[in-house]
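Enquirer: For reference, the structure I am asking about is given below.
The values are calculated or read from the model by the stated rules, or taken from the named source; none is laboratory data. Everything quoted here is computed from the prediction, not taken from an experiment. As a convention, Cβ positions derive from the backbone with ideal geometry for all residues, glycine included, and neighbour counts pool all protein chains shown. Just the protein is used for accessible areas: all its heavy atoms, side chains included, with ligands, DNA and RNA removed. Shrake-Rupley method; radii C 1.70, N 1.55, O 1.52, S 1.80 Å.
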Amino acid sequence: MPLSQEALEQARKLIARYPRPRSAMLPLLFLVQAEEGYVSPAGVAEVARLLGVTRAEVGAVATFYTMFHRRPAGRYVLSVCRTLPCRMRGSDEVTGALLERCGIELGGTTADGMVTVEEVECLAACDGAPVLQVNYENYERTGPQEAVHLVEALLQDEVPPPTFAADGAVTEPSSAAASWRLAGLGDPPARLSARTAPGEPDRAGGASG
Amino acid sequence: MSADASPPPRVEPVSVLTSRWREPRAHDLDRYLELDGYASLDAAFERAPGDLVQLVKDSGLRGRGGAGFPTGMKWGFLAKGTGRPTYLVVNADESEPGTFKDMELLERDPHALVEGIVVSSYAIGCTQAYVYLRGEAGFAGRRVARAIEQAYDRGLLGRDIRGSGFDLEVVYHRGAGAYICGEETALLSSLEGERGQPRLRPPFPAVEGLYTAPTTVNNVETIATVPWIVRHGVDWFRSMGTERSPGPKLYSVSGEVRRPGNYEFPMGVTARQLIMEAAGGTDEGTRLKAWTPGGSSTPMLTAEHLDTAMDFEGVQAAGSLLGTAAVIVLSDRQCIVRACLNFTRFYAHESCGKCTPCREGTDWMRKILQRLEAGQGREEDTGTLKDICDGIFGRSFCALGDGATSPIYSALKYFRAEFDEHVRGGGCPYPGARVPAGAHQELP
């Protein structure tokens, strides 16, 4: 079962929040991602069962949105903005430096399951270009060198404070915890904090810390 | 712009929507209440809902999400007597490139949105509202979720708000990464658990929206503006801005300027004042080459257009659109073809795929721009780009396709020679088009 008993109870709560169950589709997919580290085939089937729709319908939705991972994501998902205001401030160098340091391809995850690096479109923080996110929290004006320092800390499981830490911004301790919060369920349970992606032994590369 | 037009007068910055942004604890309900937060509720509950709709109509408030449709009129279109609920859906899916006003508002002053939701819902007879907030907004997400929770705890949401007899539930809902969900009908599809694809209008959401019930979808800044109008009135609101574009407005300025950020001005501030003064002008040693008035979906303008009044009419007269009032500044270090390639890749990635002209056309254009940059351009490429734009513009369900043509049409209009240079010179003549990362000037 992709969803634990605890998660199933949360799923029912999410469904009850809307006049029509299907509105809970994105929250449930985030919940599956929190539990499984990605939107797994079994998770898709579970959401289909909970909502009374076909797996194809759930799959069609899951593949439409960029935040649903189709293979296990690292504990820390690093998203580099690639849209013009960030590109003009060198975000391609940021991506390049991160990939080189991690020894992975774009979209890949380190062999120890700690870090995934992806490029995304405009993150609505263009005054802080180049913008990098860790588990959807902003690290603004982060050039290639700062980005490498950041990822080296993350590979050691240390999370440097985000740009607005002094104002109260907090980086989620894992991408699974971030997904739980995105489901609309508030503070994630502690068990999700230390979640790493299951190793992918068939994948090449993946320098660890 | 007409040739005889003299530049619009200078205006002073205002502090309305940003008035609490420098208060470090304004996001917390106690501090927000000390700062006269939720004062508009009592003023609103004393009046009949219909009077409030009329008030917003009279204020001339126009939607701050990009289209600029009059808010009061939009509310007035809501179907009545249907026996169905009326829904307010707040569009907090801000993702137009260059736009970051709603996120900062939600991070610094999230109760301003909640207060706006209560007053607006009361006005339109809505007892169930939704906030659709983009997924990638970590900090804003925490702030909004907490503000809603605090409002429930203090009886500012829920049953019988402040003894008014008015009930309101608010559901907080996160997007999952899709630019198109900022389009109101796509947002509704997404909120119903579908792929975020736009719907054909009519029927408009005011008649058949969420769950086919009458629905209004309003931008964050729009809703956050409503309490100010309720508290201070139409004359006060109209004392800022212009006759047809009244009120204060948040402008996002980014790109190669010394002080990127959000700036609040009365509508109609000139681009010159915004870019060259407020944002400090372009980076040291550079000159302004091009700028977008309202995000990547609005045609680029040039240094010739700096006296444009940044209101709906002024920008239109200059041949572009105010859009989300997101000014992206490009200096003379930037290659216009490369900028177009970046934007076009964005649209090709974000096209939802429903309409063929947009789905196919954006990717064809991306390929052509790619080869121009790579030195494999052909003489006919600029003509082909224009033909593809003609094939997309006005031929898709929603504004995404139209928006995708804006960078290209405008670049061909003002910088045609640069495209030709790419073809004849065998590639991009701007080796230094990209400046080193983190090359911002420090804030003073």
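Enquirer: I'd like to check something: does region B:320-330 contain any residue that is touching a residue at least 24 places away in the same chain (Cβ under 8 Å), open to solvent by 10 Å² or more (accessible area, probe 1.4 Å) and assigned to a strand (DSSP E or B)?
Expert: The answer is no; no qualifying residue exists.
Enquirer: Taking only region B:158-173 into account, find how many residues are open to solvent by less than 50 Å² (accessible area, probe 1.4 Å) and in a strand (DSSP E or B).
Expert: So the count comes out to 6.
Enquirer: Restricting to region A:99-115, count the residues that are surrounded by 24 or more Cβ atoms within 10 Å (Cβ to Cβ) and touching a strand residue (DSSP E or B) at 6+ places or on another chain (Cβ under 7 Å).
Expert: Number satisfying all stated conditions: 3.
Enquirer: Which one is nearest to B:PHE100 (Cα to Cα), of the residues in region B:234-287 that are assigned to a loop (DSSP other than H, G, I, E, B) and among the hydrophobic types (A, V, I, L, M, F, W, C)?
Expert: So, considering only residues that are assigned to a loop (DSSP other than H, G, I, E, B) and among the hydrophobic types (A, V, I, L, M, F, W, C), the one nearest to B:PHE100 (Cα to Cα) is B:ALA279.
Enquirer: Among B:VAL337, B:VAL327, which is in contact with a Phe, Trp or Tyr (Cβ under 9 Å, 6 or more places away or on another chain) and either away from chain A (no Cβ under 14 Å) or farther than 18 Å from B:TYR430 by Cβ (or both)?
Expert: B:VAL327
Enquirer: From the list B:GLY361, B:GLY394, pick out the single residue that is surrounded by fewer than 23 Cβ atoms within 10 Å (Cβ to Cβ) and farther than 22 Å from B:GLY255 by Cβ.
Expert: The match here is B:GLY394.
Enquirer: How many residues are out of contact with any Phe, Trp or Tyr (no Cβ under 8 Å at 6 or more places or on another chain), in a helix (DSSP H, G or I) and not hydroxyl-bearing (Ser, Thr, Tyr) when one looks only at region B:391-425?
Expert: 15
Enquirer: To continue, here is another question. Given the structure, is A:GLN145 polar (S, T, N, Q), within 14 Å of chain B (Cβ to nearest Cβ) and either out of contact with any Pro (no Cβ under 9 Å at 6 or more places or on another chain) or free of Cβ contacts under 8 Å to residues at least 40 places away in the same chain (or both)?
Expert: Judged against the criteria, A:GLN145 is a match.
Enquirer: If you take the residues of region B:340-362 that are outside any helix (DSSP H, G or I) and over 26 Å from B:LYS101 (Cβ atoms), which of them is nearest to the other protein chains (Cβ to nearest Cβ)?
Expert: By that ranking, first place goes to B:GLY353.
Enquirer: Considering only region A:1-49, how many residues are in a helix (DSSP H, G or I) and either open to solvent by less than 10 Å² (accessible area, probe 1.4 Å) or closer than 24 Å to A:ALA73 by Cα (or both)?
Expert: Adding up the residues that qualify gives 29.
Enquirer: Turning to a different aspect of this structure: For A:VAL80, are the conditions met, namely being in contact with a helix residue (DSSP H, G or I) (Cβ under 6 Å, 6 or more places away or on another chain), within 18 Å of B:PHE343 (Cα to Cα) and among the β-branched types (Val, Ile, Thr)?
Expert: Considered against the rule, which asks whether it is in contact with a helix residue (DSSP H, G or I) (Cβ under 6 Å, 6 or more places away or on another chain), within 18 Å of B:PHE343 (Cα to Cα) and among the β-branched types (Val, Ile, Thr), A:VAL80 comes out as yes.
Enquirer: Return a yes/no flag: does region B:191-207 have any residue that is more than 14 Å from A:VAL61 (Cα to Cα), within 12 Å of another protein chain (Cβ to nearest Cβ) and of a type in the set (A, V, I, L, M).
Expert: no
Enquirer: Which count do you get for residues in region B:288-319 that are closer than 18 Å to B:TYR430 by Cβ, open to solvent by less than 10 Å² (accessible area, probe 1.4 Å) and either free of Cβ contacts under 8 Å to residues at least 60 places away in the same chain or not in a loop (DSSP other than H, G, I, E, B) (or both)?
Expert: Here the count works out to 2.
Enquirer: When the residues of region A:156-168 are narrowed to those that are crowded, with 17+ Cβ neighbours inside 10 Å and out of contact with any strand residue (DSSP E or B) (no Cβ under 6 Å at 6 or more places or on another chain), which ends up farthest from the other protein chains (Cβ to nearest Cβ)?
Expert: It comes out as A:VAL159.
Enquirer: Then there is this: Go through region B:365-390 residue by residue and tally those that are assigned to a helix (DSSP H, G or I) and open to solvent by 30 Å² or more (accessible area, probe 1.4 Å).
Expert: Result for region B:365-390: 10.
Enquirer: Follow-up. I'd like the full set of residues that are open to solvent by 10 Å² or more (accessible area, probe 1.4 Å) and away from chain A (no Cβ under 12 Å), limited to region B:89-122.
Expert: Selection gives B:ASN91, B:TYR122.
Enquirer: Name the one entry in B:GLU277, B:GLU304, B:GLU243 that is more than 13 Å from chain A (Cβ to nearest Cβ) and under 24 Å from B:GLY63 (Cα atoms).
Expert: B:GLU243
Enquirer: Could you say whether any residue in region B:97-105 is at pLDDT 95 or above, under 30 Å from B:ALA348 (Cβ atoms) and of a type in the set (Ser, Thr, Tyr)?
Expert: yes
Enquirer: Moving on. For A:ALA97, are the conditions met, namely being within 11 Å of chain B (Cβ to nearest Cβ) and out of contact with any Cys (no Cβ under 9 Å at 6 or more places or on another chain)?
Expert: Taking the combined requirement at face value, the residue satisfies it.
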